[in-house]
Amino acid sequence: MRFRLMCALAAVLLALSVESCVSQNFREDMQSEVKPASKRNTAPDFEVKDSNGQSFRVADYKGKVVLLNFWATWCGPCKVEIPWFIEFEKTYKDRGFAVLGVSLDDDGWEAVKPYLAARRVNYRVALGNMDIERLYGGGDGIQSLPTSFIIDRDGKIAGVHVGLISKSNYQNEIEELLR
């Protein structure tokens, strides 16, 4: 009985922490945060293998607008965004857009592949490592999930989002960069 009570309490605390994470980071009324072209830095390049074992680099996507998303299967706000990213990939891919996901799950493909299959993720996903995290998150790596980078057609970072933002904010930024 005591074990069940402790499990129930742990579940409630987990749900509250996920909910507070979502509500603290969610910004519905935010305007586009696309930086002016003159203030954009080149997106760091790295090479990884996707869930099919195919190698790719961020630089391979030069000429496209890219949403580079750092996420994990256990991240509540990430679970909110993934259906949006699936939709964005479908809607904008023919206009020169791509979503790239980088999972930071400690369990690697064992956790990630079933997650991708269950959600029918239609964009490329790779496993991250500390070297990649440092490229995009500084010396200590990515500090919060989700963290997303919007990369313009010239391979420069046009926007950075730490935490959950609204779907419409992403759409506005993508559409602005696809013009």
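Every read-out reported here was derived from the displayed coordinates using simple, explicitly stated rules and does not represent laboratory data. Keep in mind that this is a model prediction, so the values were computed, not measured. Glycine gets a Cβ as well: all are built from the backbone with ideal geometry, and neighbour counts include every protein chain shown.
Residue pairs exceeding 19 angstrom between C-alpha atoms, taken from Lys35/Lys90; Lys35/Lys93; Lys49/Lys79; Lys35/Lys156; Lys49/Lys113: Lys35/Lys90; Lys35/Lys93; Lys49/Lys79.
Mind running the shape call on region 25-179? Use the C-alpha gyration tensor, a ≥ b ≥ c as the square roots of the eigenvalues: rounded below 1.5 for a/c, prolate if a/b tops b/c, oblate otherwise. Rounded shape, in that the Cα axes give a/c under 1.5. Between Val65 and Phe97, Ala98, the built amide H atoms are under 5 Å apart, and every one of these is 5 or more places off in sequence or on another chain.
A cut-off under 15 angstrom between Cβ atoms defines the neighbours of Val58, and their net charge, with Lys, Arg +1 and Asp, Glu -1, is +1. Stretched out straight at 0.36 nm per residue, the stretch from Val80 to Asp106 would grow longer than its current Cα-Cα span by 7.3 nm.
All other residues whose Cβ lies under 12 angstrom from that of Asp140 are scored, Lys and Arg at +1 and Asp and Glu at -1, for a net of 0. The calculated FRET efficiency for Asn52 paired with Gln171, based on their beta-carbon distance and R0 = 30 Å, is about 0.60.
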